[in-house]
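Chemist: Pasting a structure here, questions to come.
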Amino acid sequence: MQPNSDAIQRLARISAHLDPPNLQVRGFLGQQQLEDALTGMDLVIIPAGVPRKPGMTRDDLFNINAGIVKTLSEGITKCCPKAIVNLIRNPVNSTVPIAAEILKKAGCYDPRQLLGVTMLDVVRANTFVVFNYLKAEVLGLDPREVDVPVVGGHAGVTIFPLLSQVKPPCSFTTEEVNYLTSRIQNGGTEVVEVKKKSKKCSRIVCMSKLCGIADLCFKAKAGAGSATLSMAYAAIKFADSCLRGLRGAASIVQCAFVPSQVTELPFFASKVRLGRNGVEEIYPLGPLNENERSRLIAALNFRIEPDLLDQFSAAAKLRFLIQILLVLSREL
Ligand SMILES: NC(=O)C1=CN([C@@H]2O[C@H](COP(=O)(O)OP(=O)(O)OC[C@H]3O[C@@H](n4cnc5c(N)ncnc54)[C@H](O)[C@@H]3O)[C@@H](O)[C@H]2O)C=CC1
Ligand SMILES: O=C([O-])CC(=O)C(=O)O
């Protein structure tokens, strides 16, 4: 649904019931109110964009969503150049570099302030690990304490759970690692796709039944879009961490897709420490086991398909996209 101004005002009125009582909720609509919406902001969260349909990859959204990133990033450079930006819109792996180029062009790029939101991968990873074989219960762990770092990016094999670094320490069989990795990497697709009776699905449903969560995650949207409520949860969790960092809280660590020197890729999701300036510290990958080392090589070698390159060249008529091509060619 494209919201009209009534819908926006209704949403703002409903959201005004949220606590704390001094919270102010205001609704803005369209390009003409963009500056009013952005002026003075410390944190800008960008979920606006088109979600994928069954059969699409996140990269298929590039051409549509890149334009929205451009408009909003330009608004940020004008109205709140010091704001921390949380980019949710897909493809995160490409929209973050686009935003970086636009911010650079406007002379207000601070790599500490641009964060692609990969929190949903971590939320999924934590949940799947907790449910998987009821390990948390068996081991007497508090599920809230479980923390699975997910690094790399936010698409397919670039979503890279570090299962050897789960806290509190857990050990997994090779079968469990394969199952969990695939489930975490395909979490978004699980929601987007119409349920198929494939062998893979039956296996996962069967394993889910073992964990008492029979079929909960399947056919969730069944062709009607992508994850919304779990994304809202992840977005709030991540934004809250950014805000606590901005207020000076210590030791706020989350995973995010950020400008990076951890690998040779210019952008990479890692554990980061959040603070008054946004990303204060990017943590190295830490010790990887043999399996993770080989999977990481697969993720780093991830290439865009030739037909996607054609789409990129078509879009390159626009000047900002030419800049992105340069970034992507360096990245890929
Ligand atoms: N980073 C992540 O983990 C996740 C990212 N996503 C991405 O978030 C984006 C939004 O997904 P949903 O919320 O499911 O879609 P949705 O269709 O439910 O909502 C998108 C909203 O964006 C607005 N919008 C569309 N074009 C716009 C424009 N030009 N300017 C301003 N607003 C515009 C629409 O009016 C709508 O309210 C998609 O790109 C999706 O792939 C979704 C889930 C997880
Ligand atoms: O899969 C999608 O299109 C939406 C998304 O990024 C996710 O749910 O992780």
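Chemist: Quick check: is even one residue across the range 173-183 outside any helix (DSSP H, G or I), of a type outside the set (A, V, I, L, M), modelled with pLDDT under 95 and open to solvent by 40 Å² or more (accessible area, probe 1.4 Å)?
Modeler: There is at least one residue in the range 173-183 that is outside any helix (DSSP H, G or I), of a type outside the set (A, V, I, L, M), modelled with pLDDT under 95 and open to solvent by 40 Å² or more (accessible area, probe 1.4 Å).
Chemist: Just checking, does the range 84-105 include any residue being farther than 19 Å from PRO266 by Cβ and among the small types (Gly, Ala, Ser)?
Modeler: Among the residues of the range 84-105, not one is farther than 19 Å from PRO266 by Cβ and among the small types (Gly, Ala, Ser), which makes the answer no.
Chemist: So, restricting to helices (runs of 4 or more DSSP H) that lie completely within the range 1-106, which ones have at least 2 residues that are of a type outside the set (Lys, Arg) and within 16 Å of ligand 2 (Cβ to nearest atom)?
Modeler: Details: elements: 5-15, 34-38, 62-79, 92-105.
The qualifying helices (runs of 4 or more DSSP H) are 62-79, 92-105.
Chemist: Of everything in the range 222-281 that's of a type in the set (Phe, Trp, Tyr) and in contact with a Gly (Cβ under 8 Å, 6 or more places away or on another chain), which residue is farthest from ALA298 (Cα to Cα)? Let's see the steps before the verdict.
Modeler: First, the residues of the range 222-281 that are of a type in the set (Phe, Trp, Tyr): 233, 238, 257, 267-268.
Cutting the leftovers down to in contact with a Gly (Cβ under 8 Å, 6 or more places away or on another chain) gives us 257, 267-268.
Values: PHE257: 18, PHE267: 16, PHE268: 14 Å.
If we take residues in the range 222-281 being of a type in the set (Phe, Trp, Tyr) and in contact with a Gly (Cβ under 8 Å, 6 or more places away or on another chain), then PHE257 is farthest from ALA298 (Cα to Cα).
Chemist: Being closer than 20 Å to ALA234 by Cα and either open to solvent by 40 Å² or more (accessible area, probe 1.4 Å) or β-branched (Val, Ile, Thr) (or both) narrows it down to one residue among ALA16, ALA48; which is it?
Modeler: Answer to the check: ALA48.
Chemist: Could you list, in sequence order, all residues of the range 141-153 that are touching a helix residue (DSSP H, G or I) at 6+ places or on another chain (Cβ under 7 Å) and open to solvent by less than 20 Å² (accessible area, probe 1.4 Å)? Please lay out each step first, then the result.
Modeler: Within the range 141-153, the subset touching a helix residue (DSSP H, G or I) at 6+ places or on another chain (Cβ under 7 Å) is 143, 146-150, 152-153.
VAL146, VAL148, PRO149, VAL150, GLY152, GLY153, listed by residue number.
Chemist: Taking ASN291 as the residue in question, decide whether it is polar (S, T, N, Q) and at pLDDT 90 or above. Let's see the steps before the verdict.
Modeler: On the way: polar (S, T, N, Q): yes; at pLDDT 90 or above: no.
Answer is no for this residue.
Chemist: Is there any pair with a first residue in the range 101-129 that is open to solvent by 20 Å² or more (accessible area, probe 1.4 Å) and a second that is of a type in the set (Asp, Glu) and more than 16 Å from ligand 1 (Cβ to nearest atom) whose Cβ atoms are under 9 Å apart and which are 6 or more apart or on different chains, and what are they?
Modeler: TYR109/GLU101; ARG112/GLU280; ASN126/ASP147
The values are calculated or read from the model by the stated rules, or taken from the named source; none is laboratory data. Keep in mind it's a predicted model, so treat the numbers as computed, not measured. We place every Cβ from the backbone using ideal geometry, glycine too, and count neighbours over all the protein chains shown. Keep in mind that these areas ignore ligands, DNA and RNA; they rest on the heavy atoms of the full protein, side chains included. Shrake-Rupley method; radii C 1.70, N 1.55, O 1.52, S 1.80 Å.
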